[in-house]
Amino acid sequence: VGSVRGVEETGQGGIQNVRNGAIASNSILRGSDVFAAQYVFENGLALGTTVTYGSQYVQSGGSALKTILNTCGYQTIDTYGIASQTTVNQGGTLTVASNGLAVDAIVNSGGTLTAQSGAIISAVTVNNGAALNLEDVNSLLGNTRVNGATVTGGATDDLVSLTSNTTLTVGTNAAMSNLHLNCENANIRITGTANTLGTINLNNVTNMTYD
């Protein structure tokens, strides 16, 4: 564990609890024979946590900044939890629950971002070889860039909303399927080549461009 302030560690199973007003900085969660976990509760803050074979749970009102998810590293953003600048590497998974918020995340090759029904993701970059799984997502805020990733939706009637003045950029080799996008006052930009765009329903597209 890195520097901590007001953090409770149980010493059983490698569990760290970041409670009200506590700050955990540069914690390293690396499980082997025991389960490594960090729980960030309301008004708790985790800075620069690295997770390998472990989990970080950001509860309602908790915040995580600059988390790094490596092999079998999991970050779960609960309702009204916030994660900013998460990096998801090979074998890592970021899951955002309903009304959870993930902003400025980067998902690299072999990483996965799953946005559950009602989740909010903002200004996310999903790079080549990564996966973006969108259910009935409440909003895509900011400018979300999909660089050659695989993007899938849930049921055909699920609706992913792109908020006003948002641009969804789909880069070379992206594969998008089973998406129902509400794009009122938003932009979709298809750039590069070899994109697979199938089973996509677009509502109220203001501006769609192909480069």
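The values are calculated or read from the model by the stated rules, or taken from the named source; none is laboratory data. Just so it is clear, the model here is predicted, and its values are computed rather than measured. Positions of Cβ are generated from backbone atoms using ideal geometry, with glycine treated the same way; all protein chains shown enter the neighbour counts. Protein only, heavy atoms only, side chains kept; ligands, DNA and RNA dropped before computing areas. Shrake-Rupley method; radii C 1.70, N 1.55, O 1.52, S 1.80 Å.
Before moving on, here are some points about what is shown:
- Residue match in region 85-97 (condition: touching a residue at least 40 places away in the same chain (Cβ under 8 Å) and over 19 Å from residue 15 (Cβ atoms)): yes
- Search result, residues across region 76-98 that are surrounded by fewer than 24 Cβ atoms within 10 Å (Cβ to Cβ) and more than 18 Å from residue 122 (Cα to Cα): 89, 90, 91
Table: residues versus (1) open to solvent by 20 Å² or more (accessible area, probe 1.4 Å); (2) of a type in the set (A, V, I, L, M); (3) at pLDDT 90 or above.
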{"residue": "1", "(1), (2), (3)": "yes, yes, no"}
{"residue": "9", "(1), (2), (3)": "yes, no, no"}
{"residue": "18", "(1), (2), (3)": "no, yes, yes"}
{"residue": "24", "(1), (2), (3)": "no, yes, yes"}
{"residue": "30", "(1), (2), (3)": "yes, no, no"}
{"residue": "37", "(1), (2), (3)": "no, yes, yes"}
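- Scan of region 60-75 for residues that are under 16 Å from residue 116 (Cα atoms) and either open to solvent by 50 Å² or more (accessible area, probe 1.4 Å) or in contact (Cβ under 8 Å) with a residue 60 or more places away in the chain (or both), ordered by number: 60, 74
- Those strands (runs of 3 or more DSSP E) of region 74-176 in which 1 or more residues are at pLDDT 90 or above occupy 82-84, 93-96, 101-103, 112-115.
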